[in-house]
Every structure is written in C-alpha cells, then in structure tokens.
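> Quick one: structure below, then a few questions.
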Amino acid sequence: IPVMVGATYQWYGPNGFSSTQPNPVIPNVTMNDAGQYYAIVDINDCTSLISANTTVYIQPAPQAPTITASGPVCEGGDVTLAVSSPLNIPPGATVSYEWYYAITNTLVGTTTDPELMLTAVTSVNTGDYYMVMIIGDCAAPATNLTGLVVNEIPTNAAFAGADMEVCPYTTIALDATLPTVGTGTWTSPTGATITNPNLPDALISDLIEGENMFVWTLSNGACEN
C-alpha cells in the first residue's frame, strides 16, 4: 500500500500474521499462510483507515520427480534424459522442465515434455545430469542425479597381424594390435579353436589344411564391433 508520512500501519492475516510494516514480506510461506489480509492505517493519531481485504493464493510446491538416462551410448549416438516417476500435475497447469549438466550446473535444455534428447553426443557429454520441474510459478526441488556414459570409438584400426604359413596340427599364437581403448575379440569363420579370444596373442588350434581365417574385432562398451 502507499506509504504516507506520519502514518502507522497494522496488518492482520491468517496463521496469526501481523506486522507494522507498510509493505511486509512473509518469508518461507506455507499453505497455512493462504487467505485474506487487511491493514489498518492510522494517520496522525486521528484518522483510521481499514483497507479492503486482499487474498493471497499459495500454490502447493511440486515434488521432485526422478529421471534416468538411456545408454551407455557410443559417441555420435543419441541419448534421452527422461522422467521415470509418475507426475502429479494439476489440470490446465503450465509445466516446463529445465535440464542441467551437474558438473558445471549448466542449463543444457528446456522442454515442455518430460524428456530431453541429446543428439550426436561425444565424450564431453559424459557425466551426471539433473532436472528442475516448474509448475506455474513454483519450481520443484532438483531431481536425483542420473549418469550418462558415452563410450569412445577406438582410434586405431583393427589389425590382426600378418598372414602366416604353418604346419597342420600345431598350436599357433596370433599377433593382433591392442586397441587404444576397450577390448579386442578373435573369431574364426573357418572354425578353428581360439583359446582366450580377448588376448591379442591368443592361441589357435584345430586348423584345417588350406586357408584358416581369423578376425580381430574392436569394441568399447556401446561401441561394438
């Protein structure tokens, strides 16, 4: 209300509220503070004015949902961050979702649907994320953290080693190049037996006369084969 020189103010309201400030502030309101408020203004101790009631509406604070991230994913792929718990949204309410990268608290996107897609992700997208749901003018507490894992593609080409000529009925060690990240796996389209196929120098047996073929395939998490 307007501040008048020489006037005194007395506010009254629900939940036992009273104040002598011209324009009081109620911190940390609860639903008990909703209702009608009015003020009595005394001017120079001779005139009292009673204001009309003003009604304060308080929207219940929304609860924080929970979120999850799809993945792990190979770099260059797409990831979806999404709400995984039921949402209790009043009919007709406006809702928005703010998605944050937790390490830097950077806003990465705002949506009106309870999910966010990150496209063509790289290793810099790896980390924890959280979301803040806003219903009307009220923000829910931040959600739980959900982790996103982006696997790197090995930078070196798969190299299975040079061709070899060997005698039949012998056991031979292969000679592949280790990947920069992840693992390698040997397979034999021609049916040889491979002992410890994830070792670059795996032993092979049960060779046939003629050509025996071996394939060394690199993978790192979701970056398969």
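The values are calculated or read from the model by the stated rules, or taken from the named source; none is laboratory data. Just so it is clear, the model here is predicted, and its values are computed rather than measured. Positions of Cβ are backbone-derived with ideal geometry, glycine not excepted, and every protein chain shown enters the neighbour counts. For accessibility, only protein heavy atoms count, side chains too; no ligands or nucleic acids. Shrake-Rupley method; radii C 1.70, N 1.55, O 1.52, S 1.80 Å.
> List every residue pair whose Cβ atoms sit under 8 Å apart, with the two residues 6 or more apart in sequence or on different chains, where the first one lies in region 130-144 and is among the β-branched types (V, I, T) and the second, anywhere, is loosely packed, with under 15 Cβ neighbours inside 10 Å.
Note: pairs meeting the criteria are V132/P141; I134/S96; I135/Q59; I135/I89; I135/P90; I135/A93; I135/T94; T143/T66.
> Residue by residue through region 1-19, note down the ones that are open to solvent by 90 Å² or more (accessible area, probe 1.4 Å) and more than 25 Å from A61 (Cβ to Cβ).
Quick first cut of region 1-19, residues open to solvent by 90 Å² or more (accessible area, probe 1.4 Å) only: 2-3, 5, 15.
The answer is P2, V3, V5.
> What single numbered condition from (1) farther than 30 Å from Q63 by Cα; (2) within 14 Å of the chain's Cα centre (by Cα) fails to hold for M133?
Condition (1) is where M133 drops out.
> Out of the residues in region 56-89 meeting the condition of being more than 16 Å from the chain's Cα centre (by Cα) and open to solvent by 70 Å² or more (accessible area, probe 1.4 Å), tell me which one is farthest from T155 (Cα to Cα).
Ranking the qualifying residues of region 56-89, first place goes to Y57.
> Scan region 1-25 residue by residue and report those that are at pLDDT below 95 and aliphatic (A, V, I, L, M).
I1, V3, M4, V5, A7, listed by residue number.
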